[in-house]
Structures are given as C-alpha cells and as structure tokens.
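Reading through the structure tokens given below for one structure.
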Amino acid sequence: MLYSEKVMDHFRNPRNVGEMENPDGIGEVGNAKCGDIMRMYIKVENNIITDVSFMTFGCGSAIATSSIATEMIKGQPIEKALELTNQAVVEALGGLPQHKVHCSVLAEEAVKAAIKDYYEKNNIEYDKEKYCAGDCPCLHEHDKKED
C-alpha cells in the first residue's frame with residue numbers, strides 16, 4: 001500500500017478543517033511545482049495555541065499533513081509549536097512516499113507563517129532566523145515591507 005492507514009484516515013476524515021473567524025494568526029504557503037496551497041489559522045491565549053484550523057487545496061498528502069499538524073500544535077505553547085518539523089509530521093502519519101514529503105514541509109511552513117503573522121499583528125519581537133528566509137514557497141511578501 002502506497003499510503004499508511006493514518007494518512008488515509010486524515011485524508012478521509014480531516015481534523016480541524018475550515019476557515020476560522022477572527023484568527024489571531026494566518027499562515028498561507030504554497031508549492032508552485034505541485035499547486036498545493038495551505039492556509040493555517042491559529043487562536044492564541046496566554047502564549048498557548050488554543051485553537052487551530054486549516055484550509056488546503058491539494059492532494060491527499062497535503063490534506064493529511066495539514067490535518068495532523070493541527071492536532072500536533074493544538075494546546076501547545078507557541079515555542080513548542082515552532083519546533084514542529086516536517087519529519088515529525090511524516091513520522092506522525094506513519095510515513096509518506098518520498099515524492100510527497102514536500103507536503104509535510106508545507107505543513108511546517110504554514111504553522112510557522114501563522115505564528116509569524118500572530119507576532120507581527122501583536123508587535124511581538126521574534127527571532128526571524130526561525131522562519132523561512134525568503135527562498136521558501138511562502139506566498140507572503142517576506143520582510144519586504146522596509147521599502
């Protein structure tokens with residue numbers, strides 16, 4: 001079987017799917033090669049991600065990685081959520097075919113982009129080194145605001 005039971009479960013029954021009203025942070029990333037677009041929404045209270053949801057346009061692997069990533073960060077402190085790696089997402093799903101690993105990278109980047117958006121909306125200082133440096137497939141205009 002190409003996909004694990006866990007991947008198929010998260011694809012068929014995605015958790016935390018849907019647009020969120022009044023989110024504290026929104027992260028949107030995309031992969032031009034495959035056409036996947038992932039949008040992650042977070043609510044934050046006292047530095048804890050109290051709610052998270054996603055909207056993903058893409059393949060089954062993109063939907064499954066989005067779904068499990070939301071489960072992995074919900075209820076976590078922001079600092080812990082920032083430690084989420086694409087490898088952890090792949091492992092939590094019981095593996096992905098090599099040609100679908102890029103979907104897990106999108107999930108990691110969407111979480112980081114949502115947290116970055118939260119920090120920027122609330123004028124919270126953050127370590128820019130923890131975020132993509134502008135060469136990632138982020139749809140945001142990375143730090144080009146200083147023009």
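General remarks:
- In the range 39-60, the qualifying residues are those that are part of a strand (DSSP E or B), of a type outside the set (V, I, T) and in contact with a helix residue (DSSP H, G or I) (Cβ under 6 Å, 6 or more places away or on another chain), and the one that is surrounded by the fewest Cβ atoms within 10 Å (Cβ to Cβ) is F54.
- Residues of the range 11-30 classified as assigned to a loop (DSSP other than H, G, I, E, B) and under 14 Å from S66 (Cα atoms), total: 6
- Annotation note: of G58, G30, G25, the sole residue that is within 17 Å of K116 (Cβ to Cβ), at pLDDT below 95 and small (G, A, S) is G30.
- Number of the condition not met by V52 [criteria: (1) under 13 Å from the mean Cα position of the chain (by Cα); (2) closer than 16 Å to V7 by Cβ; (3) hydrophobic (A, V, I, L, M, F, W, C)]: (2)
- Screening S104 on (1) free of Cβ contacts under 8 Å to residues at least 60 places away in the same chain; (2) surrounded by 14 or more Cβ atoms within 10 Å (Cβ to Cβ); (3) touching a strand residue (DSSP E or B) at 6+ places or on another chain (Cβ under 9 Å) shows it passes everything except condition (3).
- Remark: pairs (first residue in the range 17-34, surrounded by fewer than 18 Cβ atoms within 10 Å (Cβ to Cβ); second residue part of a loop (DSSP other than H, G, I, E, B); Cβ separation under 8 Å; 6+ apart in sequence or on different chains) = A32/P137; C34/G58; C34/C59.
- Some residue of the range 1-15 being over 15 Å from E109 (Cβ atoms), in contact (Cβ under 8 Å) with a residue 40 or more places away in the chain, in contact with a strand residue (DSSP E or B) (Cβ under 7 Å, 6 or more places away or on another chain) and surrounded by 18 or more Cβ atoms within 10 Å (Cβ to Cβ): no
- Top-ranked residue of the range 61-105 - restricted to ones that are touching an Asp or Glu at 6+ places or on another chain (Cβ under 7 Å) and either in a helix (DSSP H, G or I) or polar (S, T, N, Q) (or both), ranked as farthest from H10 (Cα to Cα): T85
The values are calculated or read from the model by the stated rules, or taken from the named source; none is laboratory data. Since the model is a prediction, treat every value here as computed from it, not as a measurement. Quick reminder, even Gly has a Cβ in these numbers, built from the backbone with ideal geometry, and neighbours come from all protein chains shown.
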